[in-house]
Amino acid sequence: MPEHRSDARGGLGTVRNAVVLLELLAEGPGYQALTDLAERSSLSLPTTHRLLRSLALAGFVSQDPRTSRYGLGPELTRLSHRYLARLPVVTALAPYLVELRDNLSTTVEVHQLVGHRLVVLDQVDGSEMGTYRRAHSVLAPLQGAGGRILAARGPDETWTALLAQSPEELRGLAIASRAGWAEAAWLHVPEGSAGRPGEVAVPLVSATGGCEGALVALVPDPDADTAAIGGHLVRAAQAAMRTGSHG
């Protein structure tokens with residue numbers, strides 16, 4: 001959580017404290033009590049109440065009329081869609097996702113690290129998922145192939161933070177495997193967390209050599225030809241990023 005002060009003055013302090021409250025609302029249960037938010041944010045009760053009311057008027061926060069608890073508001077959805085629509089990596093990959101889904105007969109996703117979270121920017125669902133349902137679009141970064149590729153290629157401070165928030169049994173594997181994950185043309189992880197299927201992922205490398213995200217295919221079948229899936233993803237990723245570099 002970002003550092004803040006309850007006595008911060010002026011517009012910058014107000015914005016910073018509002019962001020703190022939005023972060024707390026995103027990390028906790030769907031709806032949270034005013035007193036809990038004030039305590040966790042180290043803001044005074046009147047300041048917390050004033051900021052939440054302002055955020056609610058703007059649609060960034062909603063209040064349950066029955067319990068008076070606060071949660072994230074619908075306006076965030078509209079802003080997130082506007083933001084995603086403008087991302088070059090999403091625009092570049094859009095023409096390829098449906099074809100990949102049809103060729104591979106599985107769900108295809110685009111992942112990106114945002115801070116210390118792995119976010120699903122876009123996806124085209126396959127019909128193979130059965131009873132599996134995506135609980136949300138923010139994933140544990142080091143649990144799946146897409147997150148491992150992005151974390152391994154990221155800056156050291158991000159890598160260190162992701163290790164710290166990962167289960168202890170995963171840290172040793174991650175430390176020993178970072179170099180291999182960073183250099184892999186494609187990476188397969190047989191099974192993710194919380195029942196999420198296995199993944200095959202490839203990096204989305206820009207013309208300047210930066211890693212803009214990961215192209216991921218879900219692989220629920222343990223006997224699937226992961227090398228063939230990786231080859232399809234590599235070709236699509238290279239074509240999309242070439243196209244994007246001229247966009």
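The values are calculated or read from the model by the stated rules, or taken from the named source; none is laboratory data. In this text the structure is predicted, and so the values were computed from the model without any measurement. Here Cβ is always computed from backbone atoms with ideal geometry, including for glycine, and neighbour counts include all displayed protein chains. We work out accessible area using only protein heavy atoms, side chains counted, and drop any ligands, DNA or RNA first. Shrake-Rupley method; radii C 1.70, N 1.55, O 1.52, S 1.80 Å.
Summing Lys and Arg as +1 and Asp and Glu as -1 over all other residues whose Cβ lies under 13 Å from the Cβ of residue 187 gives a net charge of +1.
The Cα-based radius of gyration of region 31-167, divided by its Kirkwood radius, gives an Rg/Rh of 1.05. Estimated at 0.36 nm per residue, the fully extended path between residue 91 and residue 177 surpasses their Cα-Cα distance by 27.8 nm.
Once the piece of chain linking residue 138 and residue 156 is laid out straight, how much longer is it, given 0.36 nm per residue of separation minus the C-alpha distance between them?
Details: separation 18, 0.36 × 18 = 6.48 nm, distance 2.15 nm.
Full extension of this stretch gives 4.3 nm more.
Leaving ligands, DNA and RNA out of it, report the carbon-plus-sulfur percent of the accessible area of the chain at a 1.4 Å probe. Percent of accessible area from carbon and sulfur atoms in the chain: 54.
Restricting the trypsin sites (Lys or Arg not before Pro) of region 29-106 to loop positions (DSSP other than H, G, I, E, B) with no more than 10 neighbouring Cβ atoms within 10 Å leaves 66, 86.
Using a cutoff of 8 angstrom between alpha carbon atoms and counting only pairs six or more residues apart, the relative contact order for the chain works out to 14 percent. In terms of its Cα atoms, the chain spans 59, 40, 36 Å along the principal axes, sorted from long to short. Rounded to the nearest 20 debye, the dipole magnitude of region 6-93 is 300 debye, with +1 charges on Lys and Arg beta carbons, -1 on Asp and Glu beta carbons, and the Cα centre as origin. The mean accessible area for residues of the chain, using a 1.4 Å probe and ignoring ligands and nucleic acids, is 54 Å² per residue. Taking every C-alpha pair closer than 8 Å and separated by at least 6 residues, the mean separation divided by the residue count of region 28-118 gives a relative contact order of 19 percent. With an a/c value of 1.5 or above and a/b larger than b/c for the gyration tensor axes a ≥ b ≥ c computed over the alpha-carbon atoms, region 1-111 is described as prolate. When the Gaussian network model of the chain links Cα atoms closer than 10 Å, the mean-square fluctuations of 229, 149, 175 top out at 175.
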